[in-house]
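Report on the following structure.
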Amino acid sequence: MAQEDKFGDEQNTELTPLEQYLRSENFDAPTPKASTQQPFPKREPIKHLLIGSPKAVTSTIHYLQAIGYAEVGDWSPLIPTDNSDQVMSILIRQILVA
């Protein structure tokens, strides 16, 4: 499994599917400049991780869409875990922080 030390140097070249997904996210995207009249609230990423049977994870993803929280396509593909009966899926959202 590839990991980076605190200086960003890779110690190994193999990445898990979850690490590949997280690396593809652009956390350094520039944020719009706030106007001097109305400052924007600070936004921070929050990561939601679902782990369970494929049926339970898929069902939860569909439920979260039904209540309007997140679209099915916003979640990562189902990623196998070390437990052969379980998968995981991740959703990264930007939330307002006061």
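The values are calculated or read from the model by the stated rules, or taken from the named source; none is laboratory data. What you see is a predicted model, and the numbers here were worked out from it, not measured in a lab. For neighbour counting, all protein chains shown are included, and Cβ atoms are generated from backbone atoms with ideal geometry for every residue, glycine included.
Which of the numbered conditions does LEU15 fail, given that it passes all the others? Conditions: (1) in contact with a strand residue (DSSP E or B) (Cβ under 7 Å, 6 or more places away or on another chain); (2) surrounded by 15 or more Cβ atoms within 10 Å (Cβ to Cβ); (3) at pLDDT below 95.
(1)
Kindly list the number of the only condition in (1) modelled with pLDDT of 95 or more; (2) within 14 Å of the chain's Cα centre (by Cα) that fails for GLY52.
(2)
Taking ALA98 as meeting all but one of (1) surrounded by fewer than 13 Cβ atoms within 10 Å (Cβ to Cβ); (2) within 16 Å of the chain's Cα centre (by Cα); (3) not basic (Lys, Arg), write down the number of the exception.
Every listed condition holds for ALA98 apart from (2).
Every residue in segment 39-98 that is farther than 20 Å from THR16 by Cβ and part of a loop (DSSP other than H, G, I, E, B), please.
Passing the criteria: PRO39, PHE40, PRO41, ILE67, GLY68, TYR69, ALA70, GLU71, ALA98.
Yes/no per residue for (1) in contact with a helix residue (DSSP H, G or I) (Cβ under 7 Å, 6 or more places away or on another chain); (2) hydrophobic (A, V, I, L, M, F, W, C):
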| position | (1), (2) |
| --- | --- |
| ILE61 | yes, yes |
| GLN65 | yes, no |
| PRO80 | no, no |
| ILE92 | no, yes |
